[in-house]
Amino acid sequence: MIAFLLAVLLAGAPESETYEALVAEALARGKAGSLDEAATLLDRAIALDPARPEARVERGGVWFSKGDYARAVTELREALRRREDSYARDLLASALHLAGHADEAVAVWNPLGRPTLGTVSILGLAHTRDRVARRELPFVEGELLSLSSLREARLRLAETGAFERAAVRPVPRGGGVADVEVALVERHGLAHGWLDFAVATGVDALQHRGRLRYANLAGEGIAVGGEYRWETHRPRVSAAIDWPRPFGLDGVLHVRGFDGRQDYALEGDAVRQDARGVELGLRRVLGARTIAGAGLRTVDRAFSNPAHRDGRVTGIGLGLERGCLASPRFEAGVQAQAFAAGSGLGSDVGFVRGLLRGRAEWRLALAPEARESPSVLAAQVLVGRGSDGTPFDEAFAPGGSPEMELPLRGHRQAEDGILGTTPLGRSLLLGNLDWRRKLVTRGALDAGLVLFYDGARIAGPGERWLHDVGLGLRLGLPGAGRLRLDYGRGLSDGSSAFFVGLGQVF
C-alpha cells in the first residue's frame, strides 16, 4: 500500500519536479548568472535521486564558478565515484589545481592522457650549472606529464645533494597542456650564511668536533668536506666527497676515508681500537619512490688487547629505500641495509649484518588549505641482526649521539667517547615515537615541543631492555637549520642524558 501511494504521488508530481527538469532548469539559471538558485534546484534533484551523478557534476560546477574549490572537489569526487565522466574529471583536476593541490590534480588528469608537457623552466640557479638540475628531470616535452615523473624529479634533485629545497610544480596553461616550473634553493660554499655557519659550528663544538663542507664545487654539485673529532677516547680525522653523476654514471658517488681511535668498555675490560679505512658507495634513484645503493668498505683494525684479533674487515654493502605511502595526512617508508664481509673479498673476519627500518608520520591537525600540520605523530621501528661471527666493533650501538643513528635518548651512545657503557649487541629491536607540536610561528622563526618514547631490546651476548621518555624543543632560526634540544630519562635504570643537535631525530 505504501509503495502504491508513493507511485501515485510521483506520477502526479509536476513535470518541473522531475530529476531531468530540475537539472535543465538549474543549467539555465546558472548560465544566467543565478548561481544560488541553480544550487537550490540541484539540491532538489539530488534529493530525488541521490544515486545519479549528473546533478552532482553540475553542483560541483556551481561551486567552481563561485570560487569554492574545496566544495567543488568534494562534489565532483562524489560524482566520479558513481560514474566515470571525462568532463567531471577534467573539472575536478582544475578545482584541485586552483585549491593548491597540484599533484592530486595531475593524478586525476592522467587517466585522460593529460596533461601534455609544454616547457620546463628552472628558477633559482646562481652557482649551479643548468644541466646539473635539468639532467635529473625525467619528463619529455610533448609527452604525458605523470604524477610519478613529478615525484621522481623531486627525489632525483634531492639526491644530488646540491639543493637545500626543490619544488617541482605543474602549471596548466589550457588545452590539455601543462608547463613545469622547478624552483630550487641551492647549497653553495660553506653555509647558507653567517648565522647558519655559526649555529652549525657551535653545535659541533659541543660534540668536540669541527666540520667543514664545501657544497657545489665548480657549479657541478660536487661536495667535499672533512671532520676532526678531538674527544679523548675517540679522536678521528675524516674526509669525504659526494659527486652526482660521476663519469656519466646515473647515480651519486660517495667516498669516505678516516683514521682514528675508539675506546671500548666491554664488561669491565678496556679495549682500544686503532682503525683506518675507506668506503665507496653509489646511490641511484629507481622511479618515483625507490633509491638503491651499493658499496665497498675496507677497514684495517688493531686492538690493544691481544684477546681481540687484529686484521682487516672488507665487505660489500647493499641498501634499498622505498616510500610506501604518501598523502597530505600520512606518509610511510621502509629502508633495508645489509653488509657482508668474507675471505673472498680479502677480509680477515667473516660475518653478515642487516638492518631494517620502517618509518611513518601522521599529520594530526591538517586543515584542507594548510601546507603543514601543527601537530605530528612520528614513529619508527628498527630491527637489526648480525651473524655469530660479527665482531664487537661491528655490533649495534644504540643511544643518543650527534647523528642519532639508533636513537635512545635517555642513554648516551658513548660516555666521554667510550662505547659499551650502553650495551652493544648483535641483535637489536628499537622503537621510537615522537609527538611534535608547533607552538609559535613568527615569520622565519618558529618553536615547537616534542614528547618522545624510545624503547630497545639489545641482545647477544645477554639481553637487556631499555625504555626512555623525554621532552624536546625545536627552534627554527631564520637563515639557519632547526636547533634540537632533547632531555631523556631511562625508566629501566634511572639514567638521563641531554643532547643538542640539528634537525629532527628521525
### Task
Mind listing whichever residues of the range 99-127 are under 24 Å from the mean Cα position of the chain (by Cα), within 16 Å of residue 153 (Cβ to Cβ) and not in a helix (DSSP H, G or I)?
122, 123, 124, 125
## Note on the structure
Checked 123, 91, 76 against criteria (surrounded by fewer than 17 Cβ atoms within 10 Å (Cβ to Cβ) and of a type outside the set (Val, Ile, Thr)); the one match is 123
### Query
So which residues in the range 453-487 are modelled with pLDDT of 95 or more and under 30 Å from residue 194 (Cβ atoms), if there are any at all?
472, 473, 474, 484, 485, 486, 487
#### Entry: Matching residues, the range 128-148, being outside any loop (DSSP other than H, G, I, E, B) and within 17 Å of residue 97 (Cβ to Cβ)
144, 147
### Message
Being in contact with a helix residue (DSSP H, G or I) (Cβ under 6 Å, 6 or more places away or on another chain) and touching a residue at least 60 places away in the same chain (Cβ under 8 Å): is that true of residue 480 here?
### Response
yes
### Message
Checking the condition in contact (Cβ under 8 Å) with a residue 40 or more places away in the chain and not polar (S, T, N, Q), which residue from 47, 55, 70, 38 passes?
### Response
70
### Task
Might you check whether a residue that is assigned to a helix (DSSP H, G or I), of a type in the set (Lys, Arg) and buried (at least 24 other Cβ atoms within 10 Å of the Cβ) occurs anywhere in the range 46-58?
yes
#### Entry: Cβ-Cβ under 6 Å pairs, at least 6 apart or on other chains, the range 349-360 side crowded, with 18+ Cβ neighbours inside 10 Å, far side of a type in the set (Phe, Trp, Tyr)
353/339
### Task
Keeping to the range 243-265, report how many residues are farther than 20 Å from residue 130 by Cβ and surrounded by 15 or more Cβ atoms within 10 Å (Cβ to Cβ).
13
### Matching residues, the range 106-144, being β-branched (Val, Ile, Thr) and free of Cβ contacts under 8 Å to residues at least 24 places away in the same chain
108, 140
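What's the total number of residues in the range 446-482 that are surrounded by 19 or more Cβ atoms within 10 Å (Cβ to Cβ), within 24 Å of residue 203 (Cβ to Cβ) and not small (Gly, Ala, Ser)?
The number of residues fulfilling the criteria is 5.
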#### Entry: Members of the range 29-40 found to be surrounded by 13 or more Cβ atoms within 10 Å (Cβ to Cβ) and more than 46 Å from the chain's Cα centre (by Cα), listed by number
29, 34, 37
### Qualifying residue in the range 389-411 (condition: over 24 Å from residue 455 (Cβ atoms) and more than 31 Å from the chain's Cα centre (by Cα))
yes
### Task
List the number of the failed condition for residue 106; all other conditions in (1) modelled with pLDDT of 95 or more; (2) in contact with a Phe, Trp or Tyr (Cβ under 9 Å, 6 or more places away or on another chain); (3) of a type outside the set (Gly, Ala, Ser) hold.
(2)
### Message
I'd like to check something: does the range 387-400 contain any residue that is hydrophobic (A, V, I, L, M, F, W, C) and surrounded by fewer than 16 Cβ atoms within 10 Å (Cβ to Cβ)?
### Response
no
## Note on the structure
In the range 463-506, anything in a loop (DSSP other than H, G, I, E, B) and either in contact with a His (Cβ under 8 Å, 6 or more places away or on another chain) or of a type in the set (Gly, Ala, Ser) (or both) is listed as 479, 480, 481, 491, 492, 494, 495, 503
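The values are calculated or read from the model by the stated rules, or taken from the named source; none is laboratory data. Please read all numbers here as calculations on a predicted model, not as lab measurements. So basically every Cβ, Gly included, is an ideal-geometry build from the backbone, and we count neighbours across all protein chains shown.
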